Amino acid sequence: MRELVLKMSMSLDGFVGGPNGEADWIFRTLDATASAWILQGLRSAGAHLMGSRTFQDMLAYWPTSSDPMAAPMNEIPKVVFSKNSGANRRNDRLTTAALKDAPREPAGLAASASSEAAQSWARATVATGDLSDEIRQLKAQPGNYLLAHGGASFAQSLVQHKLIDEFWLVVHPVVLGRGLALFSKLSAPFDLRLVNTTVFGAGSVVHSYRPA
C-alpha cells in the first residue's frame, strides 16, 4: 500500500496562496538547497497528483522548460482530478496565479515542447470519480509514494477527507494577512505528529507531519 504525500508551500500565517492564488512570495525564499530538496522529492515519487486547474498550468509550462525540475515533472506519471473528462485538453488561458508568478524561461530557450515530454502530459490519467475512492485505488497500486502538488482547492479537499499520509509543509518567512488557507475545510480539529524538520539558508523550513 503506497502513501499519499502532500507538498505545499505555506506562509507563516497558514496560507498556501494569496486571495487570488498569488505565489510570488514563494520564489523570494526558494534558494538552491530548497530547490534541491524539492527535486529529490519529485524524482522519488511514483505519480504526481493535481487538480485540473493546476494541471493546465503545468501543461503550459513544463514540456518546454529547461528547469532541472522539468525532467521528473515530465517523466513521472500524472493523475489529474477533474469533474469532467476533458481536463487533459490544453487550455491556453492560465487558470491559477502560481505559474504567472514563477520565473520564466529566457525567450527562445525552449520554444517548443519535445514530443516525449508533451506525450507524457497527454497520457495523464484523468480521475473523475469520488475523491476518496480514486485515492484508495491509487494507493492500492504498486510503486513509490503519490505526491500531490495542489492547487489549493484540491489540497483542501484531500485534507477535508483525511486522505493524506504525510504533509510536507514548506513554511516561508512571509506573512500574507489573507489568502487561501490549506486547512479551512476541516470541520473539527485534526492532530498531527511532527516527524522531521529541514531548514534552508534563505529562511524557509520544511515541517513534515503525519496524522497523530
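The values are calculated or read from the model by the stated rules, or taken from the named source; none is laboratory data. Only a predicted model underlies this, so the values are computations on that prediction, with no experimental measurement involved. We place every Cβ from the backbone using ideal geometry, glycine too, and count neighbours over all the protein chains shown.
Looking at the range 176-211 only, could you name the residues that are among the β-branched types (Val, Ile, Thr) and more than 20 Å from GLN156 (Cα to Cα)?
Residues satisfying the conditions are VAL195, THR197, THR198, VAL199, VAL205.
The residue that is surrounded by the most Cβ atoms within 10 Å (Cβ to Cβ), among those in the range 131-155 that are assigned to a helix (DSSP H, G or I), at pLDDT 95 or above and of a type in the set (S, T, N, Q), is SER132. Here the range 156-169 is the region considered, the condition is being touching a Leu at 6+ places or on another chain (Cβ under 8 Å) and assigned to a loop (DSSP other than H, G, I, E, B), and the residue that is surrounded by the most Cβ atoms within 10 Å (Cβ to Cβ) is ILE164.
Whenever a residue of the range 9-25 is in contact (Cβ under 8 Å) with a residue 12 or more places away in the chain, its partners that are among the acidic types (Asp, Glu), lying with C-beta atoms within less than 8 angstrom and at least six residues away or across chains, give the pairs GLU22/ASP101; ALA23/ASP101; ASP24/ASP101. Only one of the numbered conditions (1) under 17 Å from LEU182 (Cα atoms); (2) of a type in the set (Ser, Thr, Tyr); (3) within 14 Å of the chain's Cα centre (by Cα) is not met by SER11, and that is (3). Which residues, counting only those in the range 170-212, are assigned to a loop (DSSP other than H, G, I, E, B), charged (D, E, K, R), more than 16 Å from ASP24 (Cα to Cα) and modelled with pLDDT of 95 or more? ASP191, the sole residue that qualifies.
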